[in-house]
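Participant: The structure that follows is given in the form of structure tokens.
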Amino acid sequence: MRVVFHERDEADRVVARLRADGFGAELVRERFAGEDDDEGHPWSVLTDAPEIVVEVVAEEYDGWVDHEDVPGVPQPSQGLGLPDGPRRIKRRDPE
């Protein structure tokens, strides 16, 4: 998941906080379409933290969450190991 910030200080604080909480976090500078000023590029924090954690830090540190999958960043495991279909409660009578 990606969290985007205009200020590097804010992005650095988020990286430090996520790492302190035990999540992976990496700071990168990204160029969005239409931006030609090198100093105007935003800072992105790539993380494997759960979405709720990312939403909270983005709001607290004045950033926004990019919900697109980011290549190279591990995504949270899909599912909780639940069964694929309903279980039969009653046994079938032997024929």
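The values are calculated or read from the model by the stated rules, or taken from the named source; none is laboratory data. Because the structure is a prediction, the values reported are computed rather than measured. Cβ: placed from backbone, ideal geometry, glycine included. Neighbour counts: every protein chain shown.
Participant: For the condition surrounded by 10 or more Cβ atoms within 10 Å (Cβ to Cβ), modelled with pLDDT of 90 or more and over 16 Å from residue 1 (Cα atoms), what is the one hit in 55, 60?
Facilitator: Just a single option satisfies the conditions, and that option is 60.
Participant: Looking at the structure I just gave you, is residue 72 assigned to a loop (DSSP other than H, G, I, E, B) and either at pLDDT 90 or above or in contact with a strand residue (DSSP E or B) (Cβ under 8 Å, 6 or more places away or on another chain) (or both)?
Facilitator: Yes; evaluated as a whole, the condition is true for this residue.
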